[in-house]
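Following: one structure in structure tokens, then a few remarks.
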Amino acid sequence: MFEHRTKLRTRYSEVDRMGYVYYGNYATYFEVGRVEAMRVLGISYAELEEEGIMMPVIRYEIDYRKPAFYDEELTIITRVKDVPRSRIRFEYETQNAKGETLNTAMTELVFVDSRTMKPQRAPQVIVDAANKYLKP
């Protein structure tokens, strides 16, 4: 399993009237975690797009346990458990500074050729990076 931790601090604009981080912001937090995790693996979203590879999210699930609040430091733990084929699944856990789990989530992305807009196999650079961590 590959795991990466990204720290971020919640901003005032992300909080609702109840003082909680608005639920919709977590998708953005997970994107930050996903992009940073891929960067650690030596993979750049910008370079993939330049090569004609897009990665739209086709599935998103989240289970909320506790709220996050304004100016709280959060850790977004991003995990990949399987070598991607035509799709890649990322699992997330959001923790507060006390190490409490606030939520768990999952996104599934599909690799798409930007010229044809059709699914394709995972680029070899991603498969190679995943294999470093995911081989038994």
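Values in this text are rule-based calculations from the coordinates and carry no lab data. Keep in mind that this is a model prediction, so the values were computed, not measured. A quick note on method: Cβ atoms are made from the backbone with ideal geometry, for glycine too, and the neighbour counts reach across all protein chains shown.
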Here, GluC sites (Glu not before Pro) of segment 48-136 satisfying both criteria (DSSP loop; at most 14 other Cβ within 10 Å) are 51, 100
Unit-weight point scatterers at every alpha-carbon of the chain, Debye formula, q = 0.16, 0.18, 0.20, 0.21 1/Å: log10 I(q)/I(0) is -0.83, -0.99, -1.14, -1.21
The extension gain from residue 75 to residue 87, computed as 0.36 nm times the residue separation minus the Cα-Cα distance, is 1.8 nm
In nanometres, the difference between 0.36 nm per residue of separation and the alpha-carbon distance of residue 115 and residue 63 is 15.2 nm
Rounded to the nearest Å, the spacing of the alpha-carbon centers of segment 1-66 and segment 96-114 is 6 Å
For residue 7, counting only lysines whose alpha-carbon sits under 30 Å away and dropping same-chain residues fewer than eight positions off, the answer is 66, 81, 98, 132, 135
With Rg from the Cα atoms and Rh as the Kirkwood inverse mean 1/r over Cα pairs, segment 1-69 has an Rg/Rh of 1.03
In debye to the nearest 20, the charge dipole size for the chain, taken about the Cα centre with +1 at each Lys and Arg Cβ and -1 at each Asp and Glu Cβ, equals 340 debye
Of the residues 19, 127, 44, the Cα lying farthest along the dipole of segment 2-134 towards its positive end, which is defined by charges on the beta carbon of Lys, Arg, Asp and Glu, belongs to 127
